[in-house]
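A short worksheet on the structure shown next.
Just so it is clear, none of the values below were taken in a lab; they were calculated from the coordinates. Keep in mind it's a predicted model, so treat the numbers as computed, not measured. Here Cβ is always computed from backbone atoms with ideal geometry, including for glycine, and neighbour counts include all displayed protein chains.
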Ligand SMILES: Nc1nc2c(c(=O)[nH]1)N[C@H]1C(S)=C(S)[C@@H](COP(=O)(O)O)O[C@H]1N2
Ligand SMILES: [Mo]
């Protein structure tokens, strides 16, 4: 493993790119188009290669950047390459240049000693690594029926990386958390565009923050974090939706009570029901801050509308993840859910990682094939066959159906 200083000694620069791209018409940065698997949503999206450090990405929005990973990327490896990893920011004021030598991570609030840590000091703490899925709460929102407002993502606002960094706990211990701590709040260097708008900040309960798994990461897949994915530091909260994975992490504040600001109290809440699901139109239910992910599975070597050969074995591949724990099993149905075949699982990269799977569907008959893959996680949670829905388009977890034609 390379030394942390390798990742931290460099400067990350976007130049004036982010400042200028917002002023361009979107089609100036993008060309070929891609079809997303939507029913009641426009399907066409542009692909762009205009963003520094990023290869071909689905352009959902230019400013602030919302870039989606095309699903076929997940067919090539269990880890999502940094240059194809999705990007999402809430506010457009994002530093376009960060000087790693001048950067400081500040720790304050209910602590014995406030800290201002350089990247070198952070790099001297014990190094840890974890493979974990970073998935937007709104991943697959564009498939919600009825439609809901918000970024109309297909399935590509997620990615799986090997994260390297230090334990948040070790940083908190250096500061010395005082009795009475309730939550820890995280803030990054990005800022709202309009004065008075709420700065993006997220909080975790103190007990959760102090678990061994929560990481302040300085590397992703063995390289420094791309600026758009949070250079030089980001929080990694394995098993939890990425709204908590604060990028360009600059401030850690220990709070003596629950965080009442906008991004905890108003935004990113889900119905307090199984899988965060309610009936469309339902009102009056209690909500809670979104937290743990639910199991999901996707086919990656076929796309909706593909033609396959009837009467010969159909080899299918994909990725699954357990949500907040590992994958126990993946099953496939080629007949719309009547019968299910077990898939063979690939290498286990840890319980928070994608898990690849393979399964052969014997002899599909001529006609439309309704393919479904279903993950059961290590805690026995099975993806529901019924639609999941809530008005924010969060926590999609239902079994996905993909139709191909056998000829
Ligand atoms: N500083 C900062 N961190 C942030 C956000 C943000 O707007 N600002 N968005 C969060 C959300 S909602 C998502 S989905 C992830 C996206 O991570 P990525 O861009 O590295 O894929 O970043 C999270 N961390
Ligand atoms: Mo998100």
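Observations, loosely collected:
- The value of relative contact order for the stretch 305-407, using C-alpha pairs under 8 Å at least six residues apart, is 36 percent.
- Protection proxy ranking of 103-113, 162-172 - average other beta-carbon atoms within 10 Å, highest first: 162-172, 103-113
- Extension gain, residue 120 to residue 287: 0.36 nm times the residue separation minus the Cα-Cα distance gives 56.0 nm.
- Cβ-derived FRET efficiency at R0 41 Å, residue 301 paired with residue 112, nearest 0.05: 0.15
- Potential lengthening between residue 178 and residue 345 on full extension [0.36 nm per residue; Cα-Cα distance subtracted]: 55.6 nm
- When 306, 187 are arranged by Cβ crowding within 10 Å, least crowded first, meaning fewest neighbours, the order is 306, 187.
- Subtracting the Cα-Cα distance of residue 96 and residue 194 from 0.36 nm times their residue separation leaves 33.5 nm of extension gain.
- DSSP bridge orientation in the stretch 209-309 - percent antiparallel, rounded to nearest 5: 100
- Spacing of the two label points (7 Å from each Cα toward its C-beta) at residue 127 and residue 33, in nm: 4.7
- Whole-number percent relative contact order across the chain, with pairs defined as alpha carbons under 8 Å at least 6 apart: 15
- Likely footprinting exposure, 242, 250, 118, fewest C-beta neighbours within 10 Å first: 118, 250, 242
- Hypothetical label at residue 365: residues of the stretch 299-331 whose amide nitrogen lies under 18 Å (7 Å Cα-Cβ projection): 308-314
- Annotation for the stretch 289-304 versus the stretch 159-174: alpha-carbon center distance of 25 Å.
- P(r) tail, the stretch 296-406: Cα-Cα pairs separated by more than 18 Å, 48% of all pairs.
- Kirkwood hydrodynamic radius over Cα pairs of the stretch 1-267, then Stokes diffusion coefficient at 10 °C and 1.306 mPa s, in µm²/s: 83
- Taking label positions 7 Å along the Cα-Cβ direction at both residue 338 and residue 385, the computed distance is 1.2 nm, reported to one decimal.
- Proxy reagent accessibility, fewest Cβ within 10 Å first, across 80, 376: 376, 80
- Euclidean distance between Cα centres, the stretch 331-407 to the stretch 33-64, Å: 25
- FRET E, pair residue 309, residue 41, Förster distance 30 Å, beta-carbon r, rounded to 0.05: 0.45
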